[in-house]
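For reference, the structure is listed below as structure tokens.
The values are calculated or read from the model by the stated rules, or taken from the named source; none is laboratory data. Note that the structure is predicted; figures quoted are calculated from it, not measured. The protein model used for the area step is the full one, side chains on, heavy atoms only, and it has no ligands, DNA or RNA in it. Shrake-Rupley method; radii C 1.70, N 1.55, O 1.52, S 1.80 Å.
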Amino acid sequence: MENPLRSHYQEDLMEAGCDEAGRGCYAGPVFAAAVVLPSGFFHPLLNDSKQVTEPNRNELRVFIEANALAWSVARVDQDEIDRINILKASFKAMHLALDQLKLKPRLLLIDGNRFIRYRRIPHRCIIKGDSLFASIAAASILAKTWRDEYMRRLHTEFPHYGWENKKGYGTPEHRDAIERFGLCKYHRKSFNILPEGAELPPLF
């Protein structure tokens, strides 16, 4: 089946696609990735990470990291999320990822409808861009796979929250575990995730 993703937004300027993962989670950092793809880059499985199975995401991660002209991944942890809010933390993670790129793009393709300008580089905010442009889709794959790997490591420290499967999202199982065990140091306290009226001690 032909992949519907566009390879580039335009042809004159070097582009970097940017996306984040973990913005809506109850726990752990938000991750972001920036990716610069070569002309003609193609993989039949590439799509918005939410539309790709975990085995295929892992296969795509290896392919993207091997074939991109440049890529980087960065994170902002839960304490900073609580200090500055999740939207600003998502933008900061994207900026940190862009800081680490070995090539400097001249146009940024941002998934979503808002962004804080990065240096003097022009950007385009594209709603559902991870299902439209290959570089944004590639960034979504890297951000998601890197974050999932990180959350599996946190799971070994606090296994009762089930982060090895749902990676910190607010699933019924995760909410039940919070009611039973309280919050741990990796939870985002600013998200008001304790049940109403509950005063559970944090678990460290």
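Some points to look at:
- Against the empirical 2.2 N^0.38 Å (N residues), segment 131-177 has a Cα radius of gyration ratio of 1.38.
- Residue of Arg117, Arg23, Arg152 that the Gaussian network model of the chain assigns the largest fluctuation, springs spanning Cα pairs under 10 Å: Arg117
- In whole percents, the pair-distance distribution calculated for segment 1-66 from its alpha-carbon pairs, binned every 10 Å from zero, is 17, 48, 29, 6, 0.
- Along its first, second and third principal axes, ordered by size, segment 9-132 spans 42, 37, 25 Å in Cα coordinates.
- Note on surface exposure: Arg106, Arg57, Arg75 rank Arg106, Arg75, Arg57 by accessible area, highest first, 1.4 Å probe.
- Convex hull of Cα atoms in segment 61-122, direction-averaged projection (nm²): 4.9 nm²
- A 1.4 Å probe run over the protein chains yields, for segment 11-84, 44 Å² of accessible area per residue, whole-number rounding.
- 21 Å Cα-Cα reach of Lys104 towards lysines, excluding residues that sit fewer than 8 places from it in its own chain: Lys92
- Each principal axis of the Cα atoms in segment 91-204 has its own extent, and those three values, largest first, are 49, 27, 24 angstrom.
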